[in-house]
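A short write-up of the structure that comes next.
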Amino acid sequence: MNSIIAGIQILRPLNMILCLLSVFISAWLVGGMTSPLLLYTVIVVICFAGSSNILNDILDIHIDDINRPDRVLTSGRLRIWDALIIMSILYAVGIIATTYLQPVGRQIALFLVLPLLVLYTPLFKRLPLIGNFVVGSMLGLVFPFTEAAIYGYVDKMWMPFCLATGLSTIRELVKDVVDIDGDAVFDLQTFPRKYGLLATLWLLRIFAITLFLFALTPWIQGYYGWGYLILLIIFVGAPLLWSVFFQLNETSAATDYNRTAQLLKGITIGGMFVILSTGF
């Protein structure tokens, strides 16, 4: 029983729920809720997300011994061999499921998303900001991928992609500060390690302001209504700007950044409701 629970935990259920929510929001916004391809789209997203979470935990196990000793593998609740079996099955099922999708959706999954997921930890994670953007874009790519998987093109899901990617990238940058001690032991050149906490703080502030102003653009241009603006301010703009300008400051420690990372997780969920509101 404990192994089953550990097998579920290593998939990171909250991340899986966010991915699922993104798929269904995308499908609803593009009118694809009744499409027979939606099921295969869900399978691909869930399998790729879950298997890649496992892969990252396997590759990061020595770093997690320092940063996240309570994780499934580092705590010994699940053997690496068992994790490899689960990961292999999920990757195989996900790849098979792509054969049922529209060609453009299949190409996005196999030639863009899958390589980025597999190469993130061994390659992109070691590149300041690039690694943050790569992992941040994984949630955002669910939106155009869903539209492409169902219809074979991407038209309406670019704005949701940008909003979700921006929020996730900011959170990943905050998490780099939380993990700075373990990253230092293994000499990972993340942005906080290479440029310092002060530069990271101001970069977070610049990103937050830029993202909020960008998200205002479709309302200013008349594409979205007042409901979008109100939800954007309440669920994203106000808490995002408060977190990087008031919750964090020049004297903030890793524990402060950890609280901000948790808040940003909630803001990301709020961003889903903002995206959903664009369909009304």
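The values are calculated or read from the model by the stated rules, or taken from the named source; none is laboratory data. Since this is a predicted model, take the numbers as computed values, not measurements. In this analysis, Cβ positions are derived from the backbone assuming ideal geometry, glycine residues included, and neighbour counts consider all displayed protein chains.
Out of contact with any strand residue (DSSP E or B) (no Cβ under 7 Å at 6 or more places or on another chain), under 20 Å from N132 (Cβ atoms) and either modelled with pLDDT of 95 or more or in the same structural domain as F133 (by TED's automatic domain parsing) (or both): is that true of L204 in this structure? Considered against the rule, which asks whether it is out of contact with any strand residue (DSSP E or B) (no Cβ under 7 Å at 6 or more places or on another chain), under 20 Å from N132 (Cβ atoms) and either modelled with pLDDT of 95 or more or in the same structural domain as F133 (by TED's automatic domain parsing) (or both), L204 comes out as yes. V154: more than 29 Å from R106 (Cα to Cα), out of contact with any strand residue (DSSP E or B) (no Cβ under 8 Å at 6 or more places or on another chain), β-branched (V, I, T) and at pLDDT 95 or above, yes or no? Taking the combined requirement at face value, the residue does not satisfy it.
Only one of the listed residues (D70, D64) is crowded, with 20+ Cβ neighbours inside 10 Å and of a type in the set (D, E). That residue is D64. Report yes if L78 is surrounded by fewer than 20 Cβ atoms within 10 Å (Cβ to Cβ), more than 22 Å from the chain's Cα centre (by Cα) and farther than 23 Å from F186 by Cα, otherwise no. Judged against the criteria, L78 is not a match. Assess whether L264 counts as being under 19 Å from the mean Cα position of the chain (by Cα) and surrounded by 14 or more Cβ atoms within 10 Å (Cβ to Cβ). When the stated conditions are applied, L264 passes them.
Taking residues in the stretch 226-251 that are farther than 10 Å from V274 by Cβ, and partners anywhere that are aromatic (F, W, Y) and surrounded by fewer than 21 Cβ atoms within 10 Å (Cβ to Cβ), the pairs with Cβ atoms closer than 7 Å and at least 6 places apart or on different chains are L240/F212; L241/F212.
Residue by residue, here is whether (1) closer than 29 Å to V23 by Cβ; (2) in contact with an Asp or Glu (Cβ under 7 Å, 6 or more places away or on another chain) holds:
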| residue | (1), (2) |
| --- | --- |
| F186 | no, no |
| R193 | no, yes |
| L204 | yes, no |
| L248 | no, yes |
| I267 | yes, no |
| G271 | yes, no |
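Listed by first and then second residue, the pairs with beta-carbon distance under 7 Å, at least 6 apart or on different chains, first residue in the stretch 94-123 and closer than 21 Å to Q189 by Cα and in the same structural domain as L139 (by TED's automatic domain parsing), second among the β-branched types (V, I, T) and crowded, with 16+ Cβ neighbours inside 10 Å, are L116/V134; Y120/V134; Y120/V135. Screening A83 on (1) assigned to a helix (DSSP H, G or I); (2) surrounded by 19 or more Cβ atoms within 10 Å (Cβ to Cβ); (3) under 20 Å from the mean Cα position of the chain (by Cα) shows it passes everything except condition (3). Set side by side, the residues L163, L167 differ, and just one is of a type outside the set (S, T, N, Q), within 30 Å of D187 (Cβ to Cβ), not assigned by TED's automatic domain parsing to the domain that holds S52 and not in a loop (DSSP other than H, G, I, E, B), which is L167.
This table checks each residue for (1) within 27 Å of A254 (Cα to Cα); (2) outside the structural domain of G266 (by TED's automatic domain parsing); (3) part of a helix (DSSP H, G or I); (4) under 21 Å from the mean Cα position of the chain (by Cα).
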residue: D181; (1), (2), (3), (4): yes, no, yes, no
residue: I209; (1), (2), (3), (4): yes, no, yes, yes
residue: Y223; (1), (2), (3), (4): no, no, no, no
residue: L232; (1), (2), (3), (4): no, no, yes, yes
residue: F235; (1), (2), (3), (4): yes, no, yes, yes
residue: P239; (1), (2), (3), (4): yes, no, yes, yes
